[in-house]
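Below: the structure, in structure tokens.
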Amino acid sequence: MQISKASDAVGAIVEDVDLKTISDDQFAEIRSAFFDSGALFIKNQNLAPEDHIAFAERWSDIDINRFFTPVEGYPQIAQVLKEPDQEVNIGGVWHTDHSYDQVPAMSSILYALEIPPTGGDTLFAGMAAAYDGLSDEMKARIDGLKARHGNAHVFGQQSGYSEQTGGRVGNQQSAGQEAIHPVVLAHPETGAKGLYVNPGFTLNIVDMAEEESTTLLKQLYEHIMQPQFHFRFQWREGDIAMWDNRSTWHYALNDYQGHRRYMHRITVQGVALH
Ligand SMILES: O=C(O)CCC(=O)C(=O)O
Ligand SMILES: [Fe+2]
């Protein structure tokens, strides 16, 4: 097994390993690379749904997403699918998964089954590198702030997201979760400080006037959107990307209209954030 850095800001590439047969020592190495880098790109796997589930369960219990259509026979696995005639994809904005939950998911483990002939890359951003890149003044300004996150505007009845994604997002009546988390998070495993707000689900900064909150979030987002904090992953069938939802953002590019892209996703449970 070889593990190498994907970019300065985020991610590591894992090669020459078969996740079906890893030892406990190899898993420990994978685990520490994951928390240190925020995301792993594990090349060239051949996993049945049972193997994907078994790998996910090495990390934590599975956190079943309320909204995505599951794979038939496997309620633990969500379909991340875009059909040729579907215009809007899943995850086509910068976001992190499940920040609207009281106990947000630790990781999403995405396995590529069908990749379009070109395009369909996923962008990742590293929140610790982005935090480190802030001015001292901005670090002082956001120290101790909290933000409110929610999902009704994405997964709720009124959002239109379900229709736009060809009905692939359902259960809208159970949307509406909200949670408050720190804007600067000391990572629960490593203690590294990172930004924990995202354009997908963060609603506002708590105890701040709306206009000031909007301006501050926009400033932070523009900072994080700078390419030095990113890595662009180009998929091959059989690859896994797994990311730490507490220390990264991701963005599924939607630049392959007319082609099919199909992934299986398992999300695993995290811990309460302070
Ligand atoms: O399809 C992708 O590359 C990522 C989609 C996404 O946002 C997710 O699965 O959480
Ligand atoms: Fe996502």
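The figures follow:
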{"item": "Leading residue by the ranking (surrounded by the most Cβ atoms within 10 Å (Cβ to Cβ)) among those in the stretch 166-209 that are charged (D, E, K, R) and in contact with a His (Cβ under 8 Å, 6 or more places away or on another chain)", "result": "193"}
{"item": "Selection count where residues are within 12 Å of ligand 2 (Cβ to nearest atom) and aromatic (Phe, Trp, Tyr), scope the stretch 231-274", "result": "3"}
{"item": "Enumeration of residues in the stretch 116-136 that are part of a loop (DSSP other than H, G, I, E, B) and surrounded by fewer than 22 Cβ atoms within 10 Å (Cβ to Cβ)", "result": "116, 117, 118, 119, 121, 133, 134, 135"}
{"item": "Flag if residue 113 is away from ligand 2 (no atom under 16 Å from the Cβ) and either part of a strand (DSSP E or B) or in contact with a Lys or Arg (Cβ under 7 Å, 6 or more places away or on another chain) (or both)", "result": "yes"}
{"item": "Inter-residue pairs, beta-carbon under 6 Å, first under 14 Å from residue 119 (Cα atoms) and assigned to a loop (DSSP other than H, G, I, E, B) and in the stretch 83-96, second within 9 Å of ligand 1 (Cβ to nearest atom) and at pLDDT 95 or above, 6+ apart", "result": "89/82; 89/252; 92/252"}
{"item": "Exclusive hit being on the phi < 0 side of the Ramachandran plot, within 11 Å of ligand 1 (Cβ to nearest atom) and aliphatic (A, V, I, L, M), set 225, 208, 263", "result": "263"}
{"item": "Number of positions in the stretch 116-139 that are within 13 Å of ligand 2 (Cβ to nearest atom) and under 28 Å from residue 50 (Cα atoms)", "result": "3"}
{"item": "Members of the stretch 2-25 that are part of a loop (DSSP other than H, G, I, E, B), among the hydrophobic types (A, V, I, L, M, F, W, C) and within 23 Å of residue 49 (Cβ to Cβ)", "result": "17, 22"}
{"item": "Pair list, Cβ < 6 Å and 6+ apart or interchain, from the stretch 145-172 residues that are touching a residue at least 12 places away in the same chain (Cβ under 8 Å) to residues that are basic (Lys, Arg) and not in a helix (DSSP H, G or I)", "result": "171/66"}
{"item": "Restricting the stretch 137-170 to residues that are under 24 Å from residue 101 (Cβ atoms), over 22 Å from the mean Cα position of the chain (by Cα) and in a helix (DSSP H, G or I), the residue that is modelled with the highest pLDDT", "result": "142"}
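The values are calculated or read from the model by the stated rules, or taken from the named source; none is laboratory data. Bear in mind the structure is a predicted one, so any value in this text is a computation, not a measurement. Here the Cβ is made from the backbone with ideal geometry for all residues, glycine too, and neighbour counts use every protein chain on show.
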